[in-house]
1. State the percentage of accessible surface on the chain attributable to carbon and sulfur atoms; use a 1.4 Å probe and exclude ligands, DNA and RNA.
2. Between rounded, prolate and oblate, where does the range 52-99 land on the alpha carbon gyration tensor, with a ≥ b ≥ c its root eigenvalues, rounded for a/c under 1.5, else prolate if a/b exceeds b/c?
3. Note down the Stokes-Einstein diffusion coefficient of the range 67-123 in µm²/s, whole number, using a Kirkwood radius over alpha carbon pairs, 37 °C, and 0.692 mPa s.
4. Can you tell me the accessible area per residue over the chain, all protein chains present, probe 1.4 angstrom, in square angstrom?
5. Distance in nm between label sites at L2 and A112, each 7 Å beyond Cα in the beta-carbon direction?
6. Send over the Kirkwood Rh of the range 3-58, from the inverse of the averaged 1/r over different Cα pairs, rounded to one decimal Å.
7. Rank S48, S85 by accessible area, highest first, at a 1.4 Å probe radius?
8. Calculate, in whole percent, how much of the Cα-Cα pair population of the range 26-71 lies beyond 12 Å.
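The values are calculated or read from the model by the stated rules, or taken from the named source; none is laboratory data. Remember, it's a predicted structure, so these values are computed and weren't measured experimentally. Every residue, glycine as well, gets a Cβ built from its backbone with ideal geometry; the counts of neighbours run over all protein chains shown. Remember, those area values only see protein heavy atoms, side chains included, never the ligands or the DNA or RNA. Shrake-Rupley method; radii C 1.70, N 1.55, O 1.52, S 1.80 Å.
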Amino acid sequence: MLPVFFLYPQYAISDVIPEFIEDVTFEMHLERMFPPKGERPTWDVDGSYVVDNLVLYAITHRKRLLKVGKKNLLRHIFKASRAKSGEPKDGLEVKDGCLTFVVLTKGAVEYAWVEEFKKQRGW
């Protein structure tokens, strides 16, 4: 189990999952936090944070942006974040002892955030 930080940039809000279970899909974690029916967080003013309407991203040490499939396990993302042979070292970025994942709603919010990320990185 590892601590994981979920960042919701649309609302400048975050959650810490102190014990993210490595063998449980991201979808299962998100379903508990954002069920299709049930209480929503008070900050989700338009009710758009529902598991089926969410996308996740991870940022690596080299500032690569990885789209995280909800069916993935944490170990899959560790593997995907590694550098390819002959490239500089890479991997998931750890901040304040936590792995960080960005959670966004699909569509306009996602596209705007990705474009801003690319612009900030000079892509």
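1. Ligands and nucleic acids excluded, carbon and sulfur give 54 percent.
2. Prolate shape, in that a/c is at least 1.5 and a/b is the bigger ratio.
3. 245
4. The answer is 60 Å² per residue.
5. Inter-label distance under the simple model: 3.1 nm.
6. Here the Kirkwood hydrodynamic radius works out to 12.0 Å.
7. Largest accessible area first, the residues go S85, S48.
8. Beyond 12 Å sits 64 percent of the P(r) for the range 26-71.
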